[in-house]
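So the structure is just underneath, and the comments pick up after that.
The values are calculated or read from the model by the stated rules, or taken from the named source; none is laboratory data. Computed from a prediction, not measured in an experiment: that's the story for all the values here. Heads up, the Cβs are rebuilt from the backbone with ideal geometry, glycines too, and the neighbour counts pull from every protein chain shown. For the accessible areas, the whole protein counts, side chains as well, though only heavy atoms, and no ligand, DNA or RNA atoms are used. Shrake-Rupley method; radii C 1.70, N 1.55, O 1.52, S 1.80 Å.
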Amino acid sequence: MEEIILKVASDTKRLDAYIAENTDLSRSRATKLIEEGFVTVGGRPANKKTSLKAGEEVGLTIPEAEPLNLKSEDIPLDIVYEDSDLLVVNKPKGMVVHPAAGNFDGTLVNALLAHCGDSLSGINGVMRPGILHRIDKNTSGLLMVAKNDKAHNFLAAQIKEHSFYREYEAVVYGNLKTDKGTVNAPIGRHPVKRKQMAVTEKNSKEAITHYEVVARYSGFTHIKCILETGRTHQIRVHMSYIGHPIVGDDVYGPKKVETSLGGQCLHAKKLGFIHPNGEYMEFDSVLPEYFTNFLAKLERKES
């Protein structure tokens with residue numbers, strides 16, 4: 001078991017949010033630890049809504065990772081890079097990253113268990129071994145996976161500090177007015193549609209997306225997006241917010257979507273980070289077939 005003591009610097013309203021902001025734990029993981037009695041405030045048990053005052057001490061006991069009940073599956077992986085600390089994988093469109101309700105098999109984690117065996121970090125809990133960040137089921141592209149807890153902590157710190165380089169390519173509806181731009185708009189849970197995210201000032205976090213036009217077509221624009229932050233559905237929400245939703249997005253796009261894509265035309269193309277050994281590494285992936293086929297379709301219409 002790991003013991004962590006945090007000294008509260010200033011008053012804050014919720015214990016679960018404080019833990020998520022000051023450790024490598026997700027908010028859901030922090031909530032679970034609180035509910036299971038592994039968190040104290042001033043030496044006393046607390047609940048997730050406990051308000052904290054400056055000077056108080058928060059004690060966390062992080063139990064050993066539970067044995068995985070997930071099955072490993074011999075699913076082919078497109079591994080771009082691998083060493084003893086991490087691997088970078090090119091996830092195909094249609095694959096879920098980690099198990100959840102309704103998706104307990106066929107996920108990237110199931111495939112990783114078969115490929116890596118016990119060599120995955122356990123920091124994110126039983127259902128997400130090794131997972132540092134995620135991309136949506138119907139988004140393709142590069143993901144990094146930690147193979148031990150030391151590497152996980154080192155890499156997660158870069159994500160938290162926004163020094164982790166993530167570049168995407170997408171095709172959006174409409175013609176963007178400028179060749180370059182930035183969307184700086186906070187993202188939080190949609191106030192009504194609880195399974196969706198939205199630009200909102202309420203219970204939200206800073207979200208910044210930089211975009212640049214790659215090519216223009218009649219009624220469509222091929223863009224490059226660089227994430228300064230990494231919020232859930234960030235690019236999809238931001239592009240929809242400025243009136244240019246991603247083609248094929250059946251959640252944040254128009255009701256009549258481009259169904260031939262089987263999801264949004266969005267690919268995580270580049271990934272850059274400092275390896276635990278101190279070396280900066282950057283990886284690039286080719287655009288997948290579904291993406292290039294759609295671009296070819298747009299080019300044919302132009303000719």
Revision key, fill the gap. note: the chain, Cα-Cα separations exceeding 26 Å make up a percent value of 50 percent
Study note, to complete from the structure: Per the rule of 0.36 nm per residue minus the C-alpha distance, extending Arg216 to Asp74 adds in nm 47.0 nm
Study note, to complete from the structure: Length-normalised contact order of the chain, Cα under 8 Å, at least 6 apart, in percent, tallies to 14 percent
**Study point:** Gain on full stretching of the segment that runs from Lys137 to Asn203 - 0.36 nm per residue minus C-alpha separation
**Key:** 21.3 nm
Practice item. Within the stretch 200-229, list the trypsin sites (Lys or Arg not before Pro) lying in a DSSP loop whose Cβ has at most 15 other Cβ atoms in a 10 Å radius. Key: Lys202
Point to revise | Neighbourhood charge, 12 Å Cβ-Cβ cut-off, centred on Ile187 and excluding it, Lys, Arg +1 and Asp, Glu -1 | key: +3
Point to revise | Of Lys13/Lys160; Lys137/Lys270; Lys137/Lys256; Lys53/Lys150, those spanning more than 25 Å from alpha-carbon to alpha-carbon | key: Lys53/Lys150
Revision key, fill the gap. Filtered hits (aspartates and glutamates, Cα-Cα < 14 Å from Lys195, offset >= 8 within chain) -> Asp136, Asp250
Practice item. Could you state the accessible area per residue of the chain in Å², with a 1.4 Å probe and every protein chain left in place? Key: 51 Å²
Check your understanding: Among the lysines, which fall within straight-line cross-link reach of Lys255, defined as a Cα-Cα distance under 16 Å, with same-chain neighbours fewer than 8 residues apart omitted?
Key -> Lys193
Check your understanding: Stretched out fully, how many nm does the piece from Lys224 to Arg27 gain, at 0.36 nm a residue minus the Cα gap?
Key -> 67.9 nm
Revision key, fill the gap. 1/(1 + (r/R0)^6) with r = Cβ-Cβ of Asp105 and Asp149, R0 = 41 Å, i.e. FRET efficiency to nearest 0.05, evaluates to 0.95
